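What follows draws every value from the coordinates through simple rules; no lab data is involved. For clarity, every value in this text was computed on a predicted model and none was experimentally measured. No Cβ is skipped: glycine too gets one built from the backbone with ideal geometry, and neighbour counts run over all protein chains shown.
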């Protein structure tokens, strides 16, 4: 009788998620007693001083205490869908609650969109560098992801010529992440309008507007992509994880903007998938509802703290030989270029050796795009100023030691 291993599916075997993959060696070091400075994961709760607002936590707890633990409607609680629709409408487009669908975070929203729109042979255009699920998930549905270039020398702006060159009849989805993960760039109205104009030439192309970081814009340029579209269908994605500082609640949404009234079949497909997976967490939805409908004055204090940490990082990087960065306009990431020749060609080796020698954990840029991310690393600037200064001291010492 054969004792060969049972095979895994190729779709699972090929998935990589660099952000969490680097945690494996870090965990091994922690098991040996080492303390790791973790600047790798965009989880606000993992860092001090950025708590989930009290009134949101209380609403979650009250839902539990009141026994609101049952299944909610598959598309989300009616009152939450209405609050989301009103919030999106305040951003400049007419959003109806019947076009809002509550999901297990933006990640599930993406999976649902891909399942409802992609067939074998289809393509999705996503920015390079990109958030890893945009590369991992489409292939599960027989589609392929094609990266379009963000300009590393010009604030990571969208390369419009590259998008034009890569568009064809097989492209079903064009992704904009704004503000961007991992680079932190923010596309303004003019840039968005040009992308939408390109997409409008291809009648079966829809735009994914990943705006999960829209409340963390330090540039003043961020606008709702749906608010700019008069022809092209737009899936707006957002949720509770980043701007409302509650990532573990796993509540996000997709909202459909259908200006030409062509999305009835796609909406039907999305609704069928949502019904088949039951619903998102009921008490967590109640917590998000409180965030949307009650006081938001706390947001400015959180944003000021994050921006001060961003400014420190820009200042420190400018002083370190071997590093440079395009200042991010939003989110809480920096995509730092390795200018030292030793590491520019092997950013993953830089990340792993930095971890083992200095116990500082960041993410290799090639994990966000093997071609367009190489020679960089992503740094999360949510840690306190003292931790960030210590991390940069260690990074500088590491670079100097390996240059000798």
In degrees, nearest ten, helix 105-117 long axis to first principal axis of the chain (Cα): 60 degrees
Percent of beta bridges antiparallel (DSSP, the range 54-293, rounded to nearest 5): 40 percent
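Do the sum for the chain: with -39,500 (n - 2.57) for every DSSP H run of n ≥ 4, divided by all residues, what is the mean residue ellipticity at 222 nm, to the nearest 500 deg cm²/dmol?
The helix-only estimate for the chain comes to -11500 deg cm²/dmol at 222 nm.
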Fraction of beta bridges assigned by DSSP in the chain that are antiparallel (%, nearest 5): 55 percent
Angle between the chain longest axis and helix 385-403 axis [Cα atoms, degrees, rounded to 10]: 50 degrees
Highest average packing first - 219-225, 259-265, Cβ atoms within 10 Å: 219-225, 259-265
Difference of contour (0.36 nm per residue) and Cα-Cα distance, residue 370 to residue 161: 73.2 nm
In degrees, nearest ten, helix 189-200 long axis to first principal axis of the chain (Cα): 60 degrees
